[in-house]
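The values are calculated or read from the model by the stated rules, or taken from the named source; none is laboratory data. Model, not experiment: these values are computed from the prediction. Reconstructed Cβ throughout: ideal geometry from the backbone, glycine too, with neighbour counts over all protein chains shown.
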Amino acid sequence: MFTALMIGDGIFWTIAYLLIIRRGFLDHTYGMPLVAACANISWEFIFSFIYPPFTVQHVINLIWFAIDAIIVIQVLRNGPREFADLAKWVFYVAFSLALVTSFCAVLLVTLELNNLGTYAGTYAAFAQNLVMSVLFIAMLYRRRSLRGQSISIAICKLLGTLLAALAFYLYIPVFHRSVLLPFLYIAILVYDIIYVGMVLWSMRYGRITTEKTNEITMVAN
């Protein structure tokens with residue numbers, strides 16, 4: 001059952017990534033917050049090539065890394081437009097710092113926890129997932145629109161993380177003593193539900209949405 005839940009986690013997150021890429025191309029932007037994209041690809045590189053797990057998760061990590069590379073390209077290509085008040089070189093310097101910081105943070109946390117004999121990848125994954133959940137909310141609030149985002153992305157993100165949380169909570173006894181992981185499971189779920197609610201509210205009541213923007217553009221043309 002653990003493997004089935006983790007495969008489900010991989011499927012939903014893969015769908016979320018593909019939908020983010022699709023939405024990014026359609027809206028000429030990027031659909032994953034900048035810092036989250038840096039942390040994601042750092043984790044996937046580390047746990048695909050430096051500390052690969054000897055489970056089906058390794059295959060999933062490799063797939064995620066390849067897909068996330070496209071998301072990072074979208075960030076680099078469209079990011080300067082999202083931060084029009086910054087010079088391009090400032091944006092790229094900020095991105096580089098975020099990427100180096102994310103990679104070092106994940107790697108050093110992994111080394112530290114490995115020395116303590118625990119499963120570093122799990123803690124790092126859920127910790128950065130919580131940060132990502134908060135950043136998605138911040139991105140939606142800052143953009144004041146659904147550019148690069150959709151309800152399908154929000155739901156797939158929620159379900160993917162929920163399945164992973166259930167897998168580790170129910171079937172990995174070594175984590176039953178953890179007081180941190182249950183907090184991360186619940187906090188991520190709460191923020192993901194908030195994000196889904198905000199997306200639904202924006203679809204129904206927001207003055208600017210992806211769909212409305214496209215309709216206006218079609219009429220103008």
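Observations
- Search result, residues across the range 44-69 that are under 16 Å from Asn114 (Cβ atoms) and touching a residue at least 24 places away in the same chain (Cβ under 8 Å): Ile46, Phe47, Ile50, Tyr51, Pro53
- Restricting Gln57, Gln74 to those that are assigned to a helix (DSSP H, G or I), within 30 Å of Arg142 (Cα to Cα) and among the polar types (S, T, N, Q) reduces the list to Gln74.
- Check on Tyr92, among the hydroxyl-bearing types (Ser, Thr, Tyr), surrounded by fewer than 20 Cβ atoms within 10 Å (Cβ to Cβ), modelled with pLDDT under 90 and touching a Leu at 6+ places or on another chain (Cβ under 9 Å): no
- Count of the range 131-144 residues, restricted to those that are modelled with pLDDT under 90 and of a type in the set (S, T, N, Q), is 0.
- Any hit, the range 60-68, residues being closer than 20 Å to His28 by Cβ, touching a Phe, Trp or Tyr at 6+ places or on another chain (Cβ under 7 Å) and surrounded by 12 or more Cβ atoms within 10 Å (Cβ to Cβ): yes
- Test for Asn78: is it of a type outside the set (Lys, Arg), within 22 Å of Ser152 (Cβ to Cβ), touching a residue at least 40 places away in the same chain (Cβ under 8 Å) and surrounded by fewer than 20 Cβ atoms within 10 Å (Cβ to Cβ): yes
- Selection of the range 1-54 for residues being of a type in the set (Phe, Trp, Tyr), more than 14 Å from the chain's Cα centre (by Cα) and in a helix (DSSP H, G or I) yields Phe2, Phe25, Phe45, Phe47, Phe49.
- Taken as a whole, the range 179-187 holds at least one residue that is farther than 21 Å from Val35 by Cβ, of a type in the set (A, V, I, L, M) and buried (at least 20 other Cβ atoms within 10 Å of the Cβ).
- Pairs, first free of Cβ contacts under 8 Å to residues at least 40 places away in the same chain in the range 183-195, second not in a helix (DSSP H, G or I), C-beta under 6 Å, six or more apart: none
- Among (1) outside any helix (DSSP H, G or I); (2) under 24 Å from His58 (Cα atoms); (3) hydrophobic (A, V, I, L, M, F, W, C) - the single one Val106 does not satisfy: (1)
- Scanning the range 176-186 for residues that are under 18 Å from Gln128 (Cα atoms) and either assigned to a helix (DSSP H, G or I) or in contact with a helix residue (DSSP H, G or I) (Cβ under 8 Å, 6 or more places away or on another chain) (or both) yields a total of 7.
- Residue selection: Ile15 satisfies the criterion of being over 22 Å from Arg144 (Cβ atoms) and buried (at least 16 other Cβ atoms within 10 Å of the Cβ).
- Within the range 77-103, the set of residues being among the charged types (D, E, K, R) and assigned to a helix (DSSP H, G or I) comprises Arg77, Arg81, Glu82, Lys88.
- Against the list (1) crowded, with 16+ Cβ neighbours inside 10 Å; (2) over 21 Å from Leu108 (Cβ atoms); (3) touching a Phe, Trp or Tyr at 6+ places or on another chain (Cβ under 9 Å), the condition Asp9 fails is (3).
- Applying a threshold of 9 Å to beta carbon distances and a minimum spacing of six or more residues, or different chains, the list of pairs starting in the range 23-34 at a residue that is more than 14 Å from Pro80 (Cα to Cα) and ending at one that is acidic (Asp, Glu) and crowded, with 21+ Cβ neighbours inside 10 Å reads Met32/Asp68.
- Members of the range 156-175 found to be surrounded by fewer than 19 Cβ atoms within 10 Å (Cβ to Cβ) and either of a type in the set (Val, Ile, Thr) or not in a helix (DSSP H, G or I) (or both), listed by number: Ile172, Val174
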